[in-house]
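The values are calculated or read from the model by the stated rules, or taken from the named source; none is laboratory data. This is a predicted model, so every value here is computed, not measured. In this analysis, Cβ positions are derived from the backbone assuming ideal geometry, glycine residues included, and neighbour counts consider all displayed protein chains.
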C-alpha cells in the first residue's frame, strides 16, 4: 500500500510541475494508458507462469 501512495504522490507532483511549466502531461489518453499498463502487468504474470510451468 505504501508503494501505491508514493506513486500517487509522485504522479501529482509531476502533473503539477508539468502544468506549471505549461507542458503537455507526459501520459497517454486515459483508457489506452490504463489498457497498456494492464497489458504490461498481464505479460509479466504470464512470463512467470510460463517459466514456472515449463522451465522449472
Inset, instruction - Identify all residues within the stretch 19-31 that are part of a helix (DSSP H, G or I) and surrounded by 10 or more Cβ atoms within 10 Å (Cβ to Cβ); write none if there are none. - result: 19
Legend entry - Residue check for residue 37: under 13 Å from the mean Cα position of the chain (by Cα) and at pLDDT below 90: yes
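Got at least one residue in the stretch 32-52 being free of Cβ contacts under 8 Å to residues at least 24 places away in the same chain and in a loop (DSSP other than H, G, I, E, B)?
For the stretch 32-52, residues free of Cβ contacts under 8 Å to residues at least 24 places away in the same chain and in a loop (DSSP other than H, G, I, E, B): absent.
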Inset, instruction - Taking residue 16 as meeting all but one of (1) surrounded by 10 or more Cβ atoms within 10 Å (Cβ to Cβ); (2) in a loop (DSSP other than H, G, I, E, B); (3) modelled with pLDDT of 90 or more, write down the number of the exception. - result: (2)
